[in-house]
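Everything below concerns the one structure shown next.
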Amino acid sequence: MDNNNLLDTGTFSTNDVLGNGKRYFVPIYQRDYSWKQDQWEDLWSDVMLVSENLTFHYMGAIVLQNQGNKHFAVIDGQQRLTTITLIAVACIQKIEDLAKNNIDKELNEERVKLLSSKLIGDKDPTSLTYSSKLKLNGNNDGFFQTYILTRRKPATLRNFIDSDKLLYKAYTFFYEKIEKYFENTQKGETIAKFLNEIVGERLIYTQIIVENEFRAYSVFETFNSRGIGLSVTDLLKNYLFSLVNEVDLPSVKSQWDRIIDTVGLDSFPVFLRHYWISKNKLVRQEYLYKSIRANIGNADDLVALLDDLERNVIVYTALNNSSDELWFGKNDIKKHIKEIELFQVKQCLPFLLISYDKLPEIFDKILKIVTVISFRSTVIGGYHSGKLEDVYNKASIKIANGELKTVQQIALEVKDLYMSDTDFKNDFSTISLNTRRNKKLIKYILFELETQINNTGTIFDFEENPATIEHILPENAKEDWEQYFAKNVMENYVYRLGNYALLEESKNKEIGNKPFTEKLPIYKTSGFKSINDMNYPEWNPNNLDKRQMSQAKYAVSIWKLTYY
C-alpha cells in the first residue's frame, strides 16, 4: 500500500479477512470481550437469515493498523472478529465430535484440520510453532488460546475474570445453536459447508487498513462520525492512548480500567458526559468526544484528565447510591441522596458533582436545594428535562469558575427551576400516582406528610417502616361504592394522592374492600395521625378533593426553600 494514502479500503468476506496468512492482535489498551447474549442472538439470527435465503449480510467496518508482514492491530472490530471465531470453533468442535463417534472418522478429522488451519490458526513453517489467526488483549488472550481455540473445557470457571467467563459462555451458546441446527444430520460435510460458504463467504465486511497510529485514529473518528463506529468510550480511549508512549501505556491503561471498573462500562458514557458538563458548556452525547478531544491535546492533558476522572468517579457512584460508604455518618446527606434516587432525576448530577468538589462545606445545603427543586419541579410539576439541564449547567460552570460560593448565591442562580408555592400547591392537589408503578414514591410522600402532621419531631424512614398504603376507595371497589363514586369516574379517583393513607399491615388486611363507614372505626385505632384524625362522614369525590388540598398545604411547607 502506498504510504501517501490515508487508508486502504475494500469489501471482504470472513474467509478473505481470516485467510491468506493474515494475523490479528487486539492492542493492550482495547477493552475486554464484552458482547452478551443480545448481541449473540442478533448475530445468530443474521446468520440464519443468510443460510435460509442465501443472501449476504453486511457486518460493518473493521479498522486495522498495518504492522507489516501481514500482521494487523485491531482498532475497531475485535468484538465481531472474536465472536465469528467462536462460531468457527463451535462448528469445528461439532465436526470433531462426529469423528470421535466414528462417523466418517478420517474425513471429519481432515475437515477439522483444514478448517482450523484456514480460520483459527496453524503452525508457522519456519519456527514450527502454533500461531493463531487472532490474539486478544492481555486480559483475555491466555484463556482464549488455552481453552477456546484448543476446545478444552476448563475444570472450573470460578477463578477466571468475568470477560473470560463471557467468552466461554458465548462459545457454549454458539455450540448449542449449531448442535440444534444440525440435529437432523450427522454429516461433517454439511457443517463444513455451512462454515465455509455461509459464515465464510456470505458475511461481508468493509476492511479499512491504515499505515500508522495517527492515521488509524483519524480514520477511526471519520468513519465513526459517518455511522460506522464505536461508542464515545472507545473513541476517547483510543485517542487518549494514542497520546502516550509505549512505556507509559500500561500505567495509563491501568488507571483507565480502574475508572471503568468503578462506574461500570455501560454507565461510563453517562458519567463522562456528566463530568464534562459539570465544568464545561452543555454538549449532547453525540458531540461529547469532539468537545473533549478539542481540550486534550497532549500527554500532560491526558494525565490531568485521568486523575480528575478517577477522583470524580468515586463521588459520582456515591451520588447514585445512598448506601455508599462515602455517606457513612452523614444522615442528612444520605437522606437527600436517597430522595434523588427515588425521584429518578439525573440532570442535577453534574451540578452536584462540581458542588461536592468545590464547595464541600455547604454540600448538604446544596443537596437540600436540589431535592426540593426535584420534588416540586420534576415529581409534581413535570418540568422538561432540557430546562433542568440547561439551568444546572450554567450554575455548574459558575461554581467551577468560583463565581458562586454561598448557598444564597446558588439558590438564586437556580431559582428558575423552583416551582412557586401557588403552582406547586395546585398541581399537588390534583396529582394521581399509580401504586403499581410508584409505590415507593407514594410511601415516601405519605411518610413526609405524616412527619409534618404528627408534629412530634419523629422522623419516619419510609423504606424501613412496615406500614402499607391504604386505598380508601379500593382499587377493586364493590358495587356499594358506586353510590359515592360513579363507576365511570372511579378510575380517576382511586390513584389520587388524597385517596391514599398509611396503615398498619394487619389493619389493612382486616378492612379489605369494606365500605368507608366500616373502615373508619379501624382508622381511628391507627398509630398514624394522618388517618387517625379523619372525620369525614362519607368518602366521596368532594371529600377526597378536600383531603388532597389539605395534603397540598402541608406539602408546601415540607418541600420549601427559604431563600426566595
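The values are calculated or read from the model by the stated rules, or taken from the named source; none is laboratory data. Note that this is a predicted model, so its numbers are computed, not measured. Note: ideal-geometry Cβ built from the backbone for every residue, glycine included; neighbour counts use all protein chains shown.
Summary of values
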item	result
Meets criteria (without any contact (Cβ under 8 Å) to a residue 40 or more places away in the chain and under 22 Å from Ala411 (Cβ atoms)) for Glu361	yes
Number of positions in the range 434-456 that are farther than 24 Å from Asn476 by Cα and in contact with a strand residue (DSSP E or B) (Cβ under 8 Å, 6 or more places away or on another chain)	2
Entirely in the range 249-307, the helices (runs of 4 or more DSSP H) that have 2 or more residues that are out of contact with any helix residue (DSSP H, G or I) (no Cβ under 7 Å at 6 or more places or on another chain) and either free of Cβ contacts under 8 Å to residues at least 12 places away in the same chain or acidic (Asp, Glu) (or both)	249-263, 288-295
Evaluation of Arg284 against (1) among the basic types (Lys, Arg); (2) at pLDDT below 95; (3) surrounded by 14 or more Cβ atoms within 10 Å (Cβ to Cβ); (4) within 26 Å of Ala318 (Cα to Cα) (one fails), failing number	(3)
Positions within the range 414-442 being farther than 20 Å from Leu388 by Cβ, over 27 Å from the mean Cα position of the chain (by Cα) and not in a loop (DSSP other than H, G, I, E, B), in sequence order	Thr422, Lys425, Asn426, Ser432
Residue pairs meeting the criteria (Cβ under 8 Å; at least 6 apart or on separate chains; first farther than 23 Å from Val283 by Cα, in the range 375-393; second aromatic (Phe, Trp, Tyr) and outside any loop (DSSP other than H, G, I, E, B))	Phe375/Phe343; Arg376/Phe424; Val379/Phe343; Ile380/Phe424; Ile380/Phe428; Gly381/Phe424
Helices (runs of 4 or more DSSP H) contained in the range 157-248 and holding at least 2 residues surrounded by fewer than 15 Cβ atoms within 10 Å (Cβ to Cβ), at pLDDT 80 or above and more than 29 Å from the chain's Cα centre (by Cα)	162-181, 188-193
Residue within the range 360-378 that is farther than 29 Å from Lys440 by Cβ, buried (at least 19 other Cβ atoms within 10 Å of the Cβ) and more than 31 Å from the chain's Cα centre (by Cα) present	no
Helices (runs of 4 or more DSSP H) lying entirely in the range 23-135 (those with 2 or more residues that are within 25 Å of the chain's Cα centre (by Cα))	37-53, 78-100
Tabulated pairs, the range 478-492, first farther than 12 Å from Asn540 by Cβ, second surrounded by 11 or more Cβ atoms within 10 Å (Cβ to Cβ), C-beta under 6 angstrom, 6+ apart or interchain	Lys478/Asn513; Asp480/Pro515
Selected residue (criterion: surrounded by the most Cβ atoms within 10 Å (Cβ to Cβ)) from residues of the range 394-406 that are in a helix (DSSP H, G or I) and touching a residue at least 40 places away in the same chain (Cβ under 8 Å)	Ser396
In the range 494-527, residue surrounded by the most Cβ atoms within 10 Å (Cβ to Cβ) [restricted to those that are under 22 Å from Ile445 (Cβ atoms) and among the acidic types (Asp, Glu)]	Glu504
Residue match in the range 410-425 (condition: touching a residue at least 60 places away in the same chain (Cβ under 8 Å), surrounded by fewer than 21 Cβ atoms within 10 Å (Cβ to Cβ) and of a type in the set (Asp, Glu))	yes
